[in-house]
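Single-structure report; data block below.
The values are calculated or read from the model by the stated rules, or taken from the named source; none is laboratory data. Predicted, not measured: the structure shown is a model, and the values here were computed from it. With ideal geometry, Cβ positions are generated from the backbone for all residues, glycine too; neighbour counts draw on all protein chains shown.
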Amino acid sequence: MRILFYVPDNAITHSFMPTLWPHLLKALTPPGHQVTTVDGNVIRLAPEELADYVRRERVDLVGIGGMTRTIHRSYAVADSLRALGVPVVMGGPHVTEESEEALEHADAVACGEADELWPKMLADFEAGTLQPIYRAHEKPSLENYPILGWEEMDFKQFTLLPRWLYRWLRWSGYDRYDINITPMESGRGCPYRCDFCTVSPFFGEKVRFRTNENVIEELRLLERLGRTFVFFVDDNFAINPPRTKSLLQAMIEAGVRMPWAAQISMNLLRDPELLDLMKRSGCIGVFIGLESVLPESLAQVSKSFNKPEEYARIIAELHHRGMYSVTGFIFGIDADRPGGATKTWEVLRSWTPGFFPVFSQLTPLPGTPLYKMLLQQNRLEHRHWLNYRPYGAAFQPKHMTPAELEAEIRTAWQLAYSASSVFERMRRLRGRRWIHKLIYLFATLAFRGVYFRQMTARAWLSAVWSYRRALWEIFAPRTPQPEPATSEPEPAPAD
Ligand code: B12
Ligand code: SF4
């Protein structure tokens, strides 16, 4: 049977990393089927174009991912495929919570982790007995996790470099440096229950892990394939510190030298032994959900285990060891008031410049305590995901209007990525080698693109041009020279 997995596009950014679920489900597909994946974030197709492709390739069954952020795209694609008579199944965190809604667009829905459901769905489909809902009652163990077929993957489509730069690399014979990321799971689940997060409801509070040997086997495969960078997608990679340390130790002993990044909560990064092992095993970056610099806001989303007074020190500890931090902030929590973005930036600008901040609005995702609370208080835009607006507020914040909340996000991005504040950070890197500064500036440009549209050569060049003073800093002599602070917000983006 011919099966197509489709990852819906987010319509804003190019993807730098394959999405994991199609590759995992492919590895769990019984032999005898031909499975292809199309990632809409690298191959942008209108629903009708995808329908044409499915007809041309005579696909028998299409599986579509269901995240809240892109669910409107999933439904549009599903509708156009089913109009052709092609059966569609869906899975993922959104459809798990909103299965009735999803069934208006799909023939069947996998609710929860689908590792064990998928072969059953497939068998039922072949037998003509496909059920509408498949629900995982037990959380699958990850002890016998399959080794994914990465050797069949065309990673070049995910290159992080802008296409024009990549074309130039190819032209000059350096296209083996296709910078992109391979996702890998080492465990699932998180016991922390932050109010806005779907991870505890979806994957559960009981944490499950792959064996060290199994993770190392996949890392070895990636090394053989010449892969350059791994992102552990576990929501809290160090949730069980002894286990994480044992995995990192095993990676060091096995001699797998694969640069990696992961998501780890701030409270777990206080441990210097963990930080040392992270560095020795190849860690170059950590995503940390800091969420807020205000203790009252953290308390309101049940995340008081984050301690703002230790943020700067831990970011500096990571940076000192050569690891960057991507720090996530949320605005719109009930304790937040207008002006929060400026206050936040006043705190952040004094930190060691080894971090890349990203800002988003609080988003009520179905299945979360936050969603239930806002629904109860009648502050929620009904089925807000069907009316998706980038960085749009989908609820009524307590101390500001939705428009004010959107303005806070804009201000935060403008302050953090303005030419003057990037220049200021580059000046403070004067003690570092040029290559470090180059990487920092390139990564800053890439993170800037999360908010400011940067999909064309022109947009990239214009961003580089606006950072020209910072660019010169790459070649500045290696002497630390603190510069007085001058972060002025930039004008709003034209797009
Ligand atoms: C990696 C990741 C990203 C990467 C995605 C890159 C990539 N190409 O994969 C990046 C950093 C870009 C990202 C961004 C965002 N993410 Co994210 N991300 C994750 C993360 C950490 C891992 C995803 C993963 O691979 N999981 C492992 C796989 C195996 O699990 P899975 O995807 O759920 O798949 C299983 C089942 O769901 C099911 N399944 C899934 N799809 C399908 C389809 C079919 C047909 C079937 C049968 C089964 C099935 O089978 C799989 C095996 O059991 C998850 C959290 C998590 N641990 O899952 C959050 C998560 C998916 N992200 C989330 C969010 C909110 C976002 C953002 C909106 C954040 C933001 N504010 O911008 C953006 C939007 C991204 C977009 N698409 O536009 C939420 C989604 C919640 C929801 N209800 O949709 C999650 C769950 C985290 C959370 N805190 O709640 N993210
Ligand atoms: S620590 Fe991270 S993964 Fe765990 S519940 Fe909180 S936000 Fe979700």
| said: Can you tell me which residue is farthest from Arg188 (Cα to Cα) among those in the stretch 124-166 that are in contact (Cβ under 8 Å) with a residue 24 or more places away in the chain and of a type in the set (Gly, Ala, Ser)? | reply: Gly149
| query | Is it the case that Arg337 is away from ligand 2 (no atom under 16 Å from the Cβ), surrounded by fewer than 17 Cβ atoms within 10 Å (Cβ to Cβ), within 25 Å of Glu97 (Cβ to Cβ) and not polar (S, T, N, Q)? | reply | no
| said: Quick test of your reading of the structure: Asn10 fulfils all but one of (1) farther than 27 Å from Met184 by Cβ; (2) assigned to a loop (DSSP other than H, G, I, E, B). Name the failing condition by number. | reply: (1)
| request: With the checklist (1) under 22 Å from Gly66 (Cα atoms); (2) hydrophobic (A, V, I, L, M, F, W, C); (3) surrounded by 13 or more Cβ atoms within 10 Å (Cβ to Cβ) in hand, flag the one item Phe155 doesn't pass. | output: (1)
| message | Which condition from (1) over 22 Å from the mean Cα position of the chain (by Cα); (2) within 16 Å of ligand 1 (Cβ to nearest atom) is the one that Gln377 breaks? | response | (2)
| field | Within the stretch 197-227, considering residues that are more than 15 Å from ligand 1 (Cβ to nearest atom) and touching an Asp or Glu at 6+ places or on another chain (Cβ under 8 Å), the one nearest to Thr244 (Cα to Cα) | value | Thr211
| remark: All-but-one check, Gln249 against (1) at pLDDT 95 or above; (2) within 16 Å of ligand 1 (Cβ to nearest atom), failing number (2)
| Would it be correct to say that Trp171 is away from ligand 1 (no atom under 11 Å from the Cβ) and either over 24 Å from the mean Cα position of the chain (by Cα) or among the β-branched types (Val, Ile, Thr) (or both)? | yes
| message | I'd like to check something: does the stretch 235-248 contain any residue that is among the acidic types (Asp, Glu) and surrounded by 19 or more Cβ atoms within 10 Å (Cβ to Cβ)? | response | yes
| task | Taking Gly282 as the residue in question, decide whether it is under 23 Å from the mean Cα position of the chain (by Cα), at positive phi, at pLDDT 95 or above and away from ligand 2 (no atom under 16 Å from the Cβ). | result | yes
| Identity of the residue in the stretch 39-53, buried (at least 20 other Cβ atoms within 10 Å of the Cβ) and of a type outside the set (Gly, Ala, Ser), that ends up farthest from Pro18 (Cα to Cα) | Leu50
| said: Consider the stretch 99-141. How many of its residues are of a type in the set (A, V, I, L, M) and under 17 Å from Pro22 (Cβ atoms)? | reply: 8
| request: Confirm whether Ile179 is assigned to a loop (DSSP other than H, G, I, E, B) and either within 16 Å of ligand 1 (Cβ to nearest atom) or under 21 Å from Phe305 (Cα atoms) (or both). | output: yes
| query | Going through the stretch 230-244 one residue at a time, which ones are away from ligand 1 (no atom under 16 Å from the Cβ) and either in a loop (DSSP other than H, G, I, E, B) or within 15 Å of Ile216 (Cβ to Cβ) (or both)? | reply | Arg243
| message | Of all residues being assigned to a loop (DSSP other than H, G, I, E, B) and over 25 Å from the mean Cα position of the chain (by Cα) in the stretch 335-352, which is farthest from Leu441 (Cα to Cα)? Just the residue, please. | response | Ala335
| Any residue in the stretch 105-124 that is modelled with pLDDT of 95 or more, under 26 Å from Asp9 (Cα atoms), away from ligand 1 (no atom under 12 Å from the Cβ) and in contact with a helix residue (DSSP H, G or I) (Cβ under 8 Å, 6 or more places away or on another chain)? | yes
| said: Is it the case, given these coordinates, that Ala11 is within 16 Å of Ala76 (Cα to Cα), within 13 Å of ligand 1 (Cβ to nearest atom) and touching a residue at least 40 places away in the same chain (Cβ under 8 Å)? | reply: yes
| field | Per-region count, the stretch 333-353, residues of a type in the set (Val, Ile, Thr) and closer than 19 Å to Lys398 by Cα | value | 3
| said: With the structure loaded, tell me whether Pro146 is modelled with pLDDT of 75 or more, in a loop (DSSP other than H, G, I, E, B) and more than 12 Å from ligand 1 (Cβ to nearest atom) or whether it fails that test. | reply: no
| Subset of the stretch 260-287 that is part of a loop (DSSP other than H, G, I, E, B) and out of contact with any helix residue (DSSP H, G or I) (no Cβ under 8 Å at 6 or more places or on another chain) - its residue that is surrounded by the most Cβ atoms within 10 Å (Cβ to Cβ) | Ile264
| query | Does Tyr166 satisfy the condition of being closer than 29 Å to Pro364 by Cα and outside any loop (DSSP other than H, G, I, E, B)? | reply | no
| remark: Looking across the stretch 179-211 at residues that are over 20 Å from Arg69 (Cβ atoms), among the aliphatic types (A, V, I, L, M) and modelled with pLDDT of 90 or more, the single one that is nearest to ligand 2 (Cβ to nearest atom) is Val207
